[in-house]
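Report on one structure; see the data block that follows.
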Amino acid sequence: MEYKKTWQRFRRNRPALLGLWFVAIAVFIALFGYLLAPDNSPNANAQIPEIALQPPGFKVAILPIKTNLDATSSSWISVLLNGQAMSYKPIPIESSTLKTAGDSVHFQYFGKNGRWSAVPMTQLESQEIQTRHFPLGTDKYGRCILSRLILGFRVSLLVGLIAVFISLSIGVAIGAAGGYFGGRVDDLVMLVVNTVWSIPTLLLVFAVVLALGRGIGIIFLAVGLTMWVDVARVVRGQVLAIKQLAFVEAAQSMGLGHGRILLRHILPNLLGPVMVVAAGNFATAILVESGLSYLGFGVQPPAPSWGTMLNENYGYALGGKPLLALAPALAIAFTVLAFNLVGNGLRDALDVRQ
């Protein structure tokens, strides 16, 4: 019944409900990104240099030329997780110039000054000319911006999810121990918390990355290890208040062990505050990961990170192609805003004084 009332209060908060819908859509995109993206190659990294920096809505005819790679059929689960490896090289052509002569196909490369070329028909992956659509245009490598933007949801949400899990695991354990046992244990916990709290977050993340190396796995660990302090402070304060209540004192008088009291009687009452902190930490993790990737210390290319996209394309913002930098910037802004709105909505919905 209490959860039903909490949901009713949350639902009345229109901005928070809108943020929740955005988060739900983001999760759906992250899960099914390779099925939704126009370019479902691994990391959406199909580079076609001839069509670099094309505007939104660009279309081009593609002639598929076989490569040395053996064509392998992947299961739908493999495609869902890793994408579909391309078994051909996409050649952008002027569709109106395609001609067949004998056993060869003659075509003109895309562009006003495109040169003519010919390939044997046996080298074609398919006899049909493909048409590629680029709703948001292409970047300087000729890659689909929309596809990389879609797969960026997966990277950002995965970093946020694992980082929040690490921060909650450490923060809840340390904060609960300090608040429940008090005394020297609490003094030690607060010493560690205040020490870590005094170090700027980005500097601490840089230190972890430089010590352990770059890569998406290190980013999970680095971001998670820097956000547990907020969780520990909140949990410690809540435990200090809850352990003074009658039901905890009754459990102690019955001789129940400390572990059982913490797990069965105290921690379930921390769900609300911890959810609020987790929502805020999720937004922070996305910002930190994007900042690290922008500086070159985060997710490494060709993985489609929004921060990496900003780093690659910010120079075009003042050169007449602002969408290259604007698209990942807006994705970061709206995703962070959505999680903050959800966190604020949870805070208000769980405040019984309202």
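Structural remarks
- Restricting ILE216, ILE166, ILE199, ILE174 to those that are closer than 30 Å to PRO301 by Cα and at pLDDT 90 or above reduces the list to ILE166.
- Selection of segment 1-48 for residues being of a type in the set (Ser, Thr, Tyr), more than 30 Å from ILE65 (Cβ to Cβ) and touching a helix residue (DSSP H, G or I) at 6+ places or on another chain (Cβ under 9 Å) yields only THR6.
- Checklist (1) under 26 Å from ASP39 (Cβ atoms); (2) part of a helix (DSSP H, G or I); (3) under 14 Å from the mean Cα position of the chain (by Cα) applied to PRO304, failing item: (2)
- The C-beta contact set for segment 49-61 (first residue over 18 Å from TYR316 (Cα atoms), second residue surrounded by 14 or more Cβ atoms within 10 Å (Cβ to Cβ) and β-branched (Val, Ile, Thr), distance under 6 angstrom, 6+ apart or interchain) comprises VAL60/ILE51; ALA61/ILE93; ALA61/ILE129.
- Here segment 254-283 is the region considered, the condition is being in contact (Cβ under 8 Å) with a residue 60 or more places away in the chain and not hydrophobic (A, V, I, L, M, F, W, C), and the residue that is surrounded by the fewest Cβ atoms within 10 Å (Cβ to Cβ) is HIS258.
- On the stretch given as segment 284-300, residues that are modelled with pLDDT under 85, within 15 Å of ARG154 (Cα to Cα) and surrounded by fewer than 22 Cβ atoms within 10 Å (Cβ to Cβ) total 1.
- Of the set (1) assigned to a helix (DSSP H, G or I); (2) modelled with pLDDT under 90; (3) not aromatic (Phe, Trp, Tyr), all apply to ALA329 but (2).
- When ALA118 is tested against the conditions (1) more than 30 Å from ILE242 (Cβ to Cβ); (2) assigned to a helix (DSSP H, G or I); (3) touching a Ser or Thr at 6+ places or on another chain (Cβ under 6 Å), the lone failure is (2).
- Filtering ALA251, ALA232, ALA222 for residues that are surrounded by 14 or more Cβ atoms within 10 Å (Cβ to Cβ), in contact (Cβ under 8 Å) with a residue 12 or more places away in the chain and touching a Gly at 6+ places or on another chain (Cβ under 8 Å) leaves a single hit, ALA232.
- Cross-chain or 6+ apart pairs with Cβ under 8 Å, segment 96-113 first and not assigned by TED's automatic domain parsing to the domain that holds GLU125, then at pLDDT below 70: none
- The set of residues in segment 10-22 that are part of a helix (DSSP H, G or I) and over 9 Å from LEU341 (Cβ atoms) comprises PHE10, ARG11, ARG14, TRP21.
- Residue within segment 74-95 that is modelled with pLDDT under 80 and not in a loop (DSSP other than H, G, I, E, B) present: yes
The values are calculated or read from the model by the stated rules, or taken from the named source; none is laboratory data. Since this is a predicted model, take the numbers as computed values, not measurements. Note that we place each Cβ from the backbone using ideal geometry, even for glycine, and neighbour counts take in every protein chain shown.
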